[in-house]
Structures are given as C-alpha cells and as structure tokens.
Amino acid sequence: MQSILKEYFGFSSFRPYQKEMVEKIIEGNDSLIVMATGSGKSLCYQVPPLVVRKTGVVVSPLISLMQDQVMSLKQRGIRAEFMGSSQTDSTVQSRAESGQFDILYMTPEKACSVPASFWSNLLSVGLCLFAVDEAHCISQWGYDFRVVYKKLDKLRAILVGVPFIALTATATEKVRMDIVNSLKMQNPYVAIGSFDRTNLFYGVKSFKHGQSFVQELVQEVSKFVRSDGSTIIYCTTIKDVEQVFGSLEEAGIKAGIYHGQMDNRARAESHRLFIRDELNVMVATIAFGMGIDKPNIRQVIHYGCPKSLERYYQESGRCGRDGIASVCWLYYTRSDFAKAKFYIRELHSESQRKAVVESLMAAKQYCLLTTCRRKFLLGHFGEKFPADKCGNCDNCISTKREQDMSREAFLLMACIQSCRGKWDLNIPVDILRGSQAKKFIDAQYDKLPLHGLGKDYSSNWWKALGYQLNLFCLSPKAYQFLSSAGPDHQPRLFLPVNSEMVDDEDNKHASGEAGEIKSSDTLWNVKDSQRYAICGDQTIKKIALARPSSKARLANIDGVNQHLVVTHGNNFLRIIRNLSRRLNLPLDGEATVQTTAITRKVYPVPNLPKKLMPARFEAWKLWHLEGMSMQKVANFPSRSAPIKEQTVLGYLVQAAQEGCEFDWIRLCNEVRLTHKVLLDIQCAISKVGSMERLKPIKDELPEDISYAHINICLAMQKLGVSLEASQLPNKETQSSPCSARATPMEEPLEDKNEETASLPLTRRQRGKQPKEHLEDLLPTKRQKLRSSR
C-alpha cells in the first residue's frame, strides 16, 4: 500500500487513521466514515481499487464534484471516469462494465437505473467496493435528504459480498444510525474523526440588504483577489447572486456565476474557468449547491444564513482543503430566520418538517452567539472542544465590548410581563419602540407607561438583547431580577455587545493568511487542467523550500507523485533553477512546512451491535472510549438537556449485554459495588429463587444496596462475568451517583443554585409568579425612568 500511496498520490505515509480504514475496506468490511472536509476521506476508497486491481464504484450527488475528482485522478495516472446525465462519451458505460476503470463515479440516479446486467458484468471482472459519498443525503434527518438515495439499498441484493462504504463530513448521531440502517450495513466499521478544521477562521456579521453593503462586500473580496486567493460566495436567492455578481464585474474582479436556472453548458463553462483559476470568485446559490474539489479556496462567504448548521459546515468546508489558513464569513439578516415555512412547504413528513425547523434554529443560534463559534459548531456534531476559546473566530480574537444594560433589560422584562407572556418578542419590542399600529391602539398598549421608552434602539437591537437574556418567556431568574429592580434603580447587568448592537465601524474584520506562494504563469498553463490537480499549494511550499536540483530529489518531496515527475518534472526544475538564480538562493534546501492541520482523533468501532440504539452507543463511547465518568456522560455539553446517571448506567449495562467491549472492574468501582454487596445480592437471589422480578430481591437486602447494584449483578451473571474480591472496592457501599437512593424511581431534585441557567416556567411555577400588574410595578410618570441609568 505504501508504494501505491507514493506512486499515485505522492505521500510517503498515511495519516494516522487512513491506513486502518483502507485495510478494513480491503478486508471486505462495510464501513461508515465521518470525517471533516479536507481530512482525506476520498483516499480511503481511492487506494483499495489500486491495491486489489479491481474497480471501485463511488456514488456522488454532485456532478461538478465528480468531474473535478475524475480529472484530478487522471492527472495522477489513475484510470477514472464518471457516469451521469452530463456525460457525453457514449462508450463509458460499456468500458466501465468490462472493468477498464480503476474508479468509476456515478450519480445515484444512474446507479439505480442501469440494468442488472451492468452490475453482473462488472462483478464478473472485479468490483471491490461500492462507496456512497455525501451519505447524509440518505437520512431523512439529514439537512439534504434525497429520495433517490433511499433506493441504493436495493443494490445489496445484486452486489452480494461487495462492501458498502458510506462517507460524509456532516452527520449527527441520529443521521449516522439512519445511514447504517438505510444501507443495511452488516457490523460496520465506524470511524468518527474530529470535525475541527483548525485552519479555518469563523466569523459572523449582521447586515442590511442594499447596494451599499454589497459594495462593502466587494471591497473585502478584492483583498483576497490581490493576495492570489479564490473565493466562493453562497447566496440564498438567484436575485442576490446576480446583484453580487454584477457588482464584482463592475469592480473589475474576474467572477463567475452558478445557479439552477442556468443551462448545463453555461454552468459547466463557469465551473471550468473557476477551477482553472481563470476566475477569482464564484457566486452560487445555496439551494442548487456547488460541489467542488478545489483545495486552494481561501475564502467562503455566505450572503445570508443557510437553512441548517450542517449545510453551513459542509459549504464552509470547501475552504482551505489544503490545510492553509483560510476564512469563512457568514452575513445574516433577521429575516433569514423567518423562512422556516418556506423551507418546509413541500415536505409531507412531520419528522422531516421538525428536523428542518430544528436545523434552522441551530443556525440562528450560531449567528447570535457571543461565545466561541468553533466550540458551538463542534458541540452540534457531538464533539467537545477542550477550551472556552479557540483563538480563531471573531468572538475569540476580538475584545468584546460590554456595557451595563440593566435599564434596558428591566424595560424589556417588564414589557414582556405586561403582555402576560402571550406573545413572542415582537409585540413587547414594538411597544417599547412606540408603535402606533391600529392593533396596539385598539388594545390600548399606547397607554402603557413603557410605550415608546425604547425608541432609541432598533427592533433588531431589542431582539438581540432578548436573545442574550433568553427572554422568550420570563424565567424565575427574570422574576428575581424584576423584584429587585424598579424604575429608578436596577441591579447592574453587564452584557456583551454583539454585532447587531454596534455600528459596522466597531466590527473588527479578521482575515487569515492566504496565498503566500505566487508561481510563474508558465508553470500552470497546462491544457485542459488546473494547477491544484497537478500540485497543491502545500506541496508547492515544500518545493519552494527544498528547491530540488534533480528529478530524484523532486520525487522525494512529500506530495509529489510519479506522474508529476514524469510529465511536468523538467518544467518544474527549469523554473526552480531560474527563480533560485534570480533570488540568489542555493538549491537543495530543507522542505519543512508548518501548517495548521492536526491529527484528528478517530473512534473506530469494529463491531457495532445491530440492536444498540444511538443513545446507548453514545453513552458507551463516552464512558468506555473517552474515559468519562457517568456523571460527566449524563451532563455532556452536546446534550439538549442532562439525563440521570441512573439512565447512563442502564445504557452501559445494555451495551455490555449487546456485546460491546466493557470494563466491569471500573464500573463496579465507580458505583462502589463491593465484593460483600455482590455476595449479599447472590444470597438474596437464592432465597427468592427467581431473577425475573427485582422487588422481592430488593426486599431481602439492606437499604443501602440499590436496584442499580442488583441490575449490575444480574447482568454479570448472565454474561458469565466473575471478578475476584481483590479487584473490587474494599469499602462498604457509601453514597454514590447510582446508589444514593434505594428506590428504582428517583424524585427530581430541586435546583437550589440561583446561578443556574434560566428555564421556561412549568405550570406549577406559574402559580408562584408575582401577583403585581405592570401598573403596580411602574409609576404612570416616565420622567424618572428616562433619566435613570
């Protein structure tokens, strides 16, 4: 495998996780690979066909992405082709079924429509794998669900013995399990890498639609054009695409356009010019999508909030695929968050509608964050970021301005209370801003003491404040604040000022380092190709540092493959000699390039039991693979709400019973299950004479032995697990997370901590609300409130 890797891809060694994945695929294992964009997923299915000398079929929904990858593979001397609606060569299908290609890409529509004889013929000559790229499209919980992907499992009956490989960069736990079930995978090898793209800078800004902002955007893009970097601008509508594209052209920037209403020929030409670096900027719609395998994109801009965080991660992931520092900016307006009805209008399934709305709300939360964006983004995919600040997003690198917003918070909370919590933030905000709409006058809201007191701030400003305070309804903490405040005085409340609360001039625009290498145009002027297919920017840096004097030295540089040396080696060496002489630099230096790429952590699960539900698998993974305590698993940050430690214990025992690798000694130590307790439980079971009901067994035991201890003991007996007394804790059972109570049902504990996060009121709590009306809280005169700070 190492020789194949160097010969065709130019690398002297695999990344830590790649070799194991390739080996599993060659062995014939079904596999699910979830890795960040740019982490080398494609290599996992590209190497096996070259090793075993059989065809590998790859299904991809993005024609442009397939064309990029096919052309790039051909540049490496690999026999590759694609089958889809845009394929003009009528001989491809017959050549494919006779095994003339190492790697064959297909659209899902084509894979489901070719006759069974095609697959039979291909099987007879040699088919080593069936890979499904962008596998999140299979799941109804995925952000880009496609019905045709659901039909791919029908091919399992034809492709007997062929391993199915699913690959995606964006899959939550629910989506991952749906992929495994939909493709009917048999004991799949599961590899989940880090979603952290450390070389990417993340930033978010609010904006107002209009030509003035478009001009500002054009100025920012022009900075990257001057530094030799490519940019993609994703827009939510075709109208926006055309407006931005027109402004870029007027500014003299070489830009292309790409959307669903263009004909195939125009889209293909625009795409071709961009990947050949004849265009600096591509403006495309989000809805149509634009798959592109171009490693030297230095900036991705979203002109409008995408409809899901998964989609944003996927599209921003087109940036900096070569590991060099790059920038991702997202510009949003409040109206972006009101498009849920538009997005779900054609969905018939309630579960799909719910998934779309939840995804949009996650994207909204990302936009309005005042804390680390990377930490939030990783947490959405179930990955815990170890620090509070990443140092590479707008919220982490800028000094957040804070100000005392006690008066404004009091006004907004009091106004929400006056509405009796019947409305969302829109009505209270309109009251504060002094709306004279007929419905307000009819309801006599204009008579309220608060009417018009907040007109100095915009509607979005007040909504941003409400979002920071989580004031969708008043919580106990909000009532506590109101009870301690009055029109003339309020407890000091310092809050960060986000982008909706400040002028554009206060926003600090950060940009990553990009485009450090500028090469001679003659080097890249290769017919029907583009420079990154021949050699990426990262490899160019190594060549520039090493300045090889011969083909042999050139071939030794990591990232340089045999095809490059044979085809372009003389041209490279000539340019290196000329530039080195001009700059007075010696040849044959040291090729060491520092990048921001890191080794990503992978969790291989060779034998994932079929019956193990996602929640149980996640608990087992965190406890067994990550080494977390049950308490930490129960309160893992990525959960929407904490779960009971008793529940975690149940998940772990079920995982053990389903065949997952398990450390019983560690579990017994964690719940303080001593050797004496085990003996007591075994004696009780003997007295009762049955293990079917737990209560009779519990009645025979001391109160400090819980149902949790009994369940563990029974599970160990069923699995034939026997532990020596020396391996178990010596002390008697004390208080522990799982034995604090002897009854199987725990009463929920009241939270005594006043600093806990605010939560909406339950019905029981609503009865405890202060009885004062707004008129009792606030004087009818407003002069004091206006002057107080």
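In the range 249-278, of all residues being within 21 Å of Met71 (Cβ to Cβ) and among the small types (Gly, Ala, Ser), the one that is modelled with the highest pLDDT corresponds to Gly256. When Lys150 is tested against (1) touching a helix residue (DSSP H, G or I) at 6+ places or on another chain (Cβ under 6 Å); (2) among the charged types (D, E, K, R); (3) modelled with pLDDT under 90, just one condition goes unmet, and that condition is (1). The set of residues in the range 352-402 that are hydroxyl-bearing (Ser, Thr, Tyr), in a helix (DSSP H, G or I) and either modelled with pLDDT of 85 or more or closer than 18 Å to Met501 by Cα (or both) contains only Tyr366. When the residues of the range 212-239 are narrowed to those that are modelled with pLDDT under 80 and in contact with a strand residue (DSSP E or B) (Cβ under 6 Å, 6 or more places away or on another chain), which ends up surrounded by the most Cβ atoms within 10 Å (Cβ to Cβ)? So, considering only residues that are modelled with pLDDT under 80 and in contact with a strand residue (DSSP E or B) (Cβ under 6 Å, 6 or more places away or on another chain), the one surrounded by the most Cβ atoms within 10 Å (Cβ to Cβ) is Gly229. Given (1) out of contact with any Ser or Thr (no Cβ under 9 Å at 6 or more places or on another chain); (2) in contact (Cβ under 8 Å) with a residue 40 or more places away in the chain; (3) charged (D, E, K, R), where does Asp89 come up short, assuming only one miss? Failing condition for Asp89: (2).
All but one of (1) at pLDDT 90 or above; (2) touching a Gly at 6+ places or on another chain (Cβ under 7 Å) hold for Leu167, so report the exception by its number. Result: Leu167 fails condition (2) only. Based on this model, can you work out whether Val59 counts as surrounded by 23 or more Cβ atoms within 10 Å (Cβ to Cβ) and either farther than 16 Å from Gln100 by Cα or among the basic types (Lys, Arg) (or both)? Yes, satisfied.
Filtered by the rule that a residue be over 28 Å from the mean Cα position of the chain (by Cα), crowded, with 23+ Cβ neighbours inside 10 Å and either not assigned by TED's automatic domain parsing to the domain that holds Val132 or not in a strand (DSSP E or B) (or both), the range 31-56 gives a lone residue, Pro49. Looking only at the range 71-109, residues that are under 20 Å from Asn264 (Cα atoms) and polar (S, T, N, Q) come to 6 in all. Of the residues making up the range 46-68, none is among the acidic types (Asp, Glu) and in contact with a strand residue (DSSP E or B) (Cβ under 7 Å, 6 or more places away or on another chain).
For first residues located in the range 709-721 and under 12 Å from Lys698 (Cβ atoms), partners that are at pLDDT below 80 and not aliphatic (A, V, I, L, M) and lie 6+ apart or on another chain with Cβ distances below 8 Å form the pairs His709/Thr733; His709/Cys738; His709/Ser739. Touching an Asp or Glu at 6+ places or on another chain (Cβ under 8 Å) and at pLDDT 80 or above: does that describe Gln657? The answer is no for Gln657. Any residue in the range 623-636 that's over 13 Å from Leu652 (Cβ atoms) and assigned by TED's automatic domain parsing to the domain that holds Gly379: show its pairings with residues that are modelled with pLDDT under 85 and assigned to a loop (DSSP other than H, G, I, E, B) at Cβ separation under 6 Å, as long as the two are six or more apart or on different chains. Sorted first by the residue in the range 623-636, then by its partner, the list stays empty. Here Val160, Val148 are screened, and the one residue that is of a type in the set (Val, Ile, Thr) and touching a Pro at 6+ places or on another chain (Cβ under 9 Å) is Val148.
Restricting attention to the range 1-25 and to residues that are free of Cβ contacts under 8 Å to residues at least 40 places away in the same chain and of a type outside the set (Lys, Arg), the residue that is surrounded by the fewest Cβ atoms within 10 Å (Cβ to Cβ) turns out to be Ser3. Going by the structure shown, is Asn561 at pLDDT 80 or above, surrounded by 14 or more Cβ atoms within 10 Å (Cβ to Cβ), out of contact with any Leu (no Cβ under 8 Å at 6 or more places or on another chain) and not hydrophobic (A, V, I, L, M, F, W, C)? When the stated conditions are applied, Asn561 passes them.
Number of residues in the range 240-270 that are touching a residue at least 60 places away in the same chain (Cβ under 8 Å) and surrounded by fewer than 14 Cβ atoms within 10 Å (Cβ to Cβ) equals 1.
In the range 404-429, of all residues being surrounded by fewer than 16 Cβ atoms within 10 Å (Cβ to Cβ) and at pLDDT 75 or above, the one that is nearest to Gln480 (Cα to Cα) corresponds to Asp404. Whether any residue in the range 60-81 is part of a helix (DSSP H, G or I), closer than 27 Å to Gly193 by Cα and among the β-branched types (Val, Ile, Thr) is what I want to check. Yes: the range 60-81 contains one or more residues that are part of a helix (DSSP H, G or I), closer than 27 Å to Gly193 by Cα and among the β-branched types (Val, Ile, Thr).
Please count how many residues of the range 654-699 are of a type outside the set (A, V, I, L, M, F, W, C), closer than 30 Å to Tyr189 by Cβ and touching a residue at least 60 places away in the same chain (Cβ under 8 Å). Residues meeting the conditions: 2.
The values are calculated or read from the model by the stated rules, or taken from the named source; none is laboratory data. Model, not experiment: these values are computed from the prediction. When we count neighbours, we look across all protein chains shown, and the Cβ atoms used for this are built from the backbone with ideal geometry, even at glycine.
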